[in-house]
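Working notes, beginning with the structure itself.
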Amino acid sequence: MEKDYLKKVPLIVLTAIFVLLAMYWIPPLAVGGWHMRKIDLLADVRSDSAVNQLIASDSTLASVIMASDSTALNDDKMPDSVPPVLEGSHLTRDKSGKLITMEDSIINAKAEVTETRSGVTSIIDMSNGAPCGMSSFYNALAMASGRPVRIAVIGDSFIEGDIMTSKLRELLQQRFGGKGVGYLPITSITAGFSRTCKQTFSGWTQHKAVDRTGYVDTYNNITGNYFNASNGAWVSLTGLGGHYPLAGSCNSSSFYFLGGAGSGYVTAVVNGTDSTYFPLSTASTVGHATVHGNIKTVKWMVRDPGNMVFLGASMDCDNGVIVDNFAMRSSSGHHLSRVPASTMNAFNQARHYDLVIIMYGLNVAGHNNSAYTAYCKTVTAAINNIKSNMPGTSVLVVGCSDREERTSTGWHTMKGVLGLIQAQKRVAIDCNVAFWDLYSAMGGEGSIVKMVRNGEASKDYTHITYKGGDRIARYLYDALMLGYDNR
Amino acid sequence: MDNLWQNILSFFKLQFGTIDPALLLHQLAYDEKSPLIFSSGLFLFLFAIFIVIYTLLQHKSLPRTLFVVAFSYFFYYKSSGMYFFLIAIVTCSDYIIGEFLTVARSRTARKLLVALSLAIDLGLLAYFKYTNFFGQMWSGITGAPWHNLDIFLPVGISFFTFQSLSYIIDIYRRKIKPVDNLLDYAFYVSFFPQLVAGPIVRASDFLPQIYKPVVVTRQMLGQGFWFIITGLFKKAVISDFISINFVDRVFDNPIQFSGIENLLGAYGYGLQIYCDFSGYSDMAIGLALLMGFRFNINFNNPYKAVSVTDFWRRWHISLSTWLRDYLYISLGGNRKGKFRQYLNLFITMLLGGLWHGAALNFVLWGAMHGLALIIHKLWMTLSQGWQLVTAKWWNVLMTIVTFHFVIFAWMLFRNPDITWSALTGSAGWGNLGIMLSQITHSFKPELLPDVVASYWQVMMLIAIGYILHFIPDSFSQQCKQAFVRMPVAVYILALIVMIVIIIQVKTSEIHPFIYFQF
């Protein structure tokens, strides 16, 4: 019989465990930009408070640690959730004596006067009654039974494909009436994959504000997109009611283009039968053609477009709420500050907005803190552009969502996100507009990790899925309704 | 000297004085969100305690068997809570049925006994795994409303029911003799290395081993650690890293990625599922070897396959041979003409697909493989005698074709959001439809250098994984034998290095999202 080596197995396993336990004492190593993580086999059963108590009560232990592990412990002691102090901001103390930033103290003071509803993160309106404050929007909502109330949600990939806005639209339309998916650029990366609209098209050349070349600022507009057309170019929109029933049809559809004395024309085919002709000519900076009826499918086609510039098409309602999703991947909203005043104004006349929601951040937030000075400057310019050229429109800045990174101590919100939220709050204060803290509404640190676990967010711990969008839409809807009910 | 002593004391204080008893108890209790897996720190400690006691009981057969059964039930409790009673039900019922089968004389009685075993084992499997799936299907056909029931899916139920069935069917076919007592049978069904994720160990392979003295030869010792260390590398390094940093994101939200990234995601998934599954099987095989038991290999470089038939001889071998011996042959195999053979093959693969999960995508995946097997069988008949099929370049070409077919099928396997409406029209293909559309309409190959440069760690691991997969068998065998011949100290060192790497990978920062397609 062969010799038996069973006894070697526990020997090997126990020796390996002993060596690995001893490796707890290896000081942190860094090779190039890479930091070796601490080898702590017992991390899952170790209590942090016990570690601190033991260190405090044991001077020998403290000296051993100081000698071998000072960097690691210092890092560990640094709380991740302390909001950074921004360049140029002042620190103050709240009622409990806690050190807070000036922005937070203003936000807190505003929040105190707002009646709160259990579990709802309220919108903080810093307009002091100015027309860009939330009251303009709430007053419009009260009249939604007699006219359309439009909301533009301008953001990045977080809401791409009508994520979040689809549910927000549905919830608002359920309460205030209305149907249809609102405005869509003629083409987009997500066209064809949206849950609310089947969009097909042919014959267009797209120009996007995030393109490195080829985007001419003269044609820049709030949507961040414009298109050139070949003769016979068309776009077809079909409402999809499978997931959000009210998106399945609409009362009217419009087709938008930038002004010019074109000789061409555009046709609209509604539900595959009726055909209407419109000349491609308008005295306004932004022109539009509109068809009415019980529309499920509409196909817009241009003839002899020449050099005219086109924007998009919509599925709207005559009264109730319309929510437009202006999502642009990789954008941080820079183009908004550069939209010519006349275009901004004309687009708002063609398609009046009662509320503009600005929802950016993921493409700005980094791993580390920064003052976001340049970002603040651009967003401030963008909001001022909206305020000047869209008078009477409420503006709401939505703070950055939770985005997390993995460290040796687990998942944590990126420090840069917390800094960015502070910066966004300050922009809202400086511009006298409203602010809504999405990060807090989601549940703060750990919320995106929970959402990933529930299939509500993607594994980059940054983006959300339709399911996650539905959840966030509910939070925003609750915040809007809290403000509306207390108006 | 005093100082040294104090330092040592401090070491133990900080190592063990900071352990929170409540957290320790929590670790040992059932937690649905964190099943006990071989690549976890907890398992390392539990296995250390286990193997010490196992070694002490090496020559005491009854206490050793009792101890292993108790540990295995605890192992299962950690993953599925109180559902360990299901193992007990399967164990007791099949043990008793096995006893009756041995004494039953009439053919009818024997058939009835097998039917009873099938009803119990497959009944449990059907209830826990397929109730909602069939409910939805029935609702789809009849239009009757169906509300999903809140049924917990006990971990590994598909594995231990199949294992137990092999025992009954082999007794019925008079291939094996029944076990001596219930405890021996409980040992076989609950043996923890293969309990929750396979391989499906046949009664005929395993039972003879439990009646032999426990001996771990030098070969078994070396091979055991080789399988564990390489399995850890596959599962906890390659698979876990590429899935969280790239593959999962692509499959979760393919529209955010260009066609080239979607394609790389699909190749990545091919490696991920192989490394995850075969790595886990390897660890099970390794653990069993260290306890003195030999399992057959479960994966044999499946992507080297030159045909789909060949693929199924290399992929999850314990399942494919189980399906062949107990389902395909029971259906009639190739004994009833060509047409019946193809039909049997198709049914076997369809049910094999369903075995992987209660969803339409798994059934379609099985159907795809079934059709491919039939087409390959037809091709083999047609091409008999052709010189072409023996040429070396032909084999290379066929390996590439087979690999891409398998990858395409994995895309179906990985996308659970396919609905019944997909079968009648273009809608309902969910993320699979988006992936295919991105690959065919928005491929953007010019992004490849940027994608590779930005995800270089992921791409490097995918490349290493595939290179290791495609190196000649003889070379990997030589590596294994060289490792086996190394002194024990090398095993310790290799184990430590692998665990340190895993800790680094497990806690490493994840790769941030990057857009290449605007």
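Some notes on this structure:
- All of B:Leu153, B:Leu195 fail the test of being touching a residue at least 60 places away in the same chain (Cβ under 8 Å) and either surrounded by 23 or more Cβ atoms within 10 Å (Cβ to Cβ) or more than 13 Å from every other protein chain (Cβ to nearest Cβ) (or both), apart from B:Leu195.
- Search result, residues across region B:414-435 that are closer than 18 Å to B:Phe362 by Cα and either part of a helix (DSSP H, G or I) or of a type in the set (Lys, Arg) (or both): B:Arg414, B:Trp420, B:Ser421, B:Ala422, B:Leu423, B:Gly430, B:Asn431, B:Leu432, B:Gly433, B:Met435
- Look at (1) under 27 Å from A:Met164 (Cα atoms); (2) assigned to a strand (DSSP E or B); (3) out of contact with any strand residue (DSSP E or B) (no Cβ under 6 Å at 6 or more places or on another chain) and you find that A:Leu311 fails only one, number (3).
- Test: B:Ile374 is of a type in the set (A, V, I, L, M), under 17 Å from B:Trp312 (Cα atoms), in a helix (DSSP H, G or I) and open to solvent by less than 30 Å² (accessible area, probe 1.4 Å): yes
- Taking region A:408-487 as the region of interest, the helices (runs of 4 or more DSSP H) fully inside it that hold 2 or more residues being open to solvent by 30 Å² or more (accessible area, probe 1.4 Å) and within 14 Å of chain B (Cβ to nearest Cβ) are A:447-453, A:466-485.
- Of residues in region A:227-244 being touching a strand residue (DSSP E or B) at 6+ places or on another chain (Cβ under 7 Å) and under 20 Å from A:Val181 (Cβ atoms), the one surrounded by the most Cβ atoms within 10 Å (Cβ to Cβ): A:Leu237
- Residue within region B:53-73 that is modelled with pLDDT under 90, open to solvent by 20 Å² or more (accessible area, probe 1.4 Å), under 17 Å from B:Ala288 (Cβ atoms) and within 14 Å of chain A (Cβ to nearest Cβ) present: no
- If you go through region A:349-387 and pick out every residue that is open to solvent by less than 10 Å² (accessible area, probe 1.4 Å) and assigned to a helix (DSSP H, G or I), you end up with 3.
- Residues in region B:499-511 that are modelled with pLDDT of 90 or more, facing another protein chain (nearest Cβ under 9 Å) and buried (at least 18 other Cβ atoms within 10 Å of the Cβ): B:Ile499 only.
- Figure legend. Inter-residue proximity from region B:480-498: first residues away from chain A (no Cβ under 12 Å), second residues open to solvent by 30 Å² or more (accessible area, probe 1.4 Å) and modelled with pLDDT of 95 or more, beta-carbon distance below 6 Å, spacing 6+ or different chains. Indicated pairs: B:Lys480/B:Trp226; B:Phe483/B:Trp226.
- Qualifying residue in region A:389-396 (condition: open to solvent by 20 Å² or more (accessible area, probe 1.4 Å), of a type in the set (Ser, Thr, Tyr), part of a strand (DSSP E or B) and in the same structural domain as A:Val153 (by TED's automatic domain parsing)): no
- Region B:432-458 residues that are over 29 Å from B:Thr419 (Cα atoms) and among the polar types (S, T, N, Q), paired with ones that are modelled with pLDDT of 90 or more and open to solvent by 20 Å² or more (accessible area, probe 1.4 Å) (beta carbon under 8 Å, 6 or more apart): B:Gln457/B:Phe241
- For region B:408-431, filtering for residues that are closer than 26 Å to B:Tyr303 by Cβ, in contact (Cβ under 8 Å) with a residue 24 or more places away in the chain and surrounded by 18 or more Cβ atoms within 10 Å (Cβ to Cβ) leaves 9.
- In this structure, A:Val302 does not satisfy being in a strand (DSSP E or B), at pLDDT 90 or above and surrounded by fewer than 22 Cβ atoms within 10 Å (Cβ to Cβ).
- Pair list, Cβ < 7 Å and 6+ apart or interchain, from region A:206-217 residues that are more than 9 Å from chain B (Cβ to nearest Cβ) and assigned to a loop (DSSP other than H, G, I, E, B) to residues that are surrounded by 10 or more Cβ atoms within 10 Å (Cβ to Cβ) and among the polar types (S, T, N, Q): A:Ala209/A:Asn220; A:Ala209/A:Ser331
- Filtering region B:208-221 to residues that are within 11 Å of another protein chain (Cβ to nearest Cβ) and open to solvent by 30 Å² or more (accessible area, probe 1.4 Å) leaves B:Lys212, B:Pro213, B:Arg218, B:Gln219.
- Some residue of region A:197-211 being open to solvent by less than 30 Å² (accessible area, probe 1.4 Å) and either of a type in the set (Ser, Thr, Tyr) or assigned by TED's automatic domain parsing to the domain that holds A:Leu362 (or both): no
- Subset of region B:80-115 [surrounded by 18 or more Cβ atoms within 10 Å (Cβ to Cβ) and free of Cβ contacts under 8 Å to residues at least 24 places away in the same chain]: B:Phe84
- Residues that are more than 11 Å from every other protein chain (Cβ to nearest Cβ) and not aliphatic (A, V, I, L, M), drawn from region B:32-42: B:Glu32, B:Pro35, B:Phe38, B:Ser39
- Any pair with Cβ under 7 angstrom, 6 or more apart, that starts in region B:384-395 at a residue that is assigned by TED's automatic domain parsing to the domain that holds B:Lys304 and ends at one that is modelled with pLDDT under 70: B:Trp394/B:Leu388
- Here is the figure for region A:31-45: residues that are within 15 Å of B:Ile501 (Cα to Cα) and more than 7 Å from every other protein chain (Cβ to nearest Cβ) total 5.
A quick yes/no check of all residues on (1) open to solvent by less than 10 Å² (accessible area, probe 1.4 Å); (2) not assigned by TED's automatic domain parsing to the domain that holds B:Pro445:
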| residue | (1), (2) |
| --- | --- |
| B:Phe206 | yes, yes |
| B:Gln223 | no, no |
| B:Gly231 | yes, no |
| B:Ile260 | no, no |
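The values are calculated or read from the model by the stated rules, or taken from the named source; none is laboratory data. Nothing here was measured: the structure is a model prediction, and the numbers come from that model. When we count neighbours, we look across all protein chains shown, and the Cβ atoms used for this are built from the backbone with ideal geometry, even at glycine. These accessible areas exclude ligands, DNA and RNA; they are computed on the full protein's heavy atoms, side chains included. Shrake-Rupley method; radii C 1.70, N 1.55, O 1.52, S 1.80 Å.
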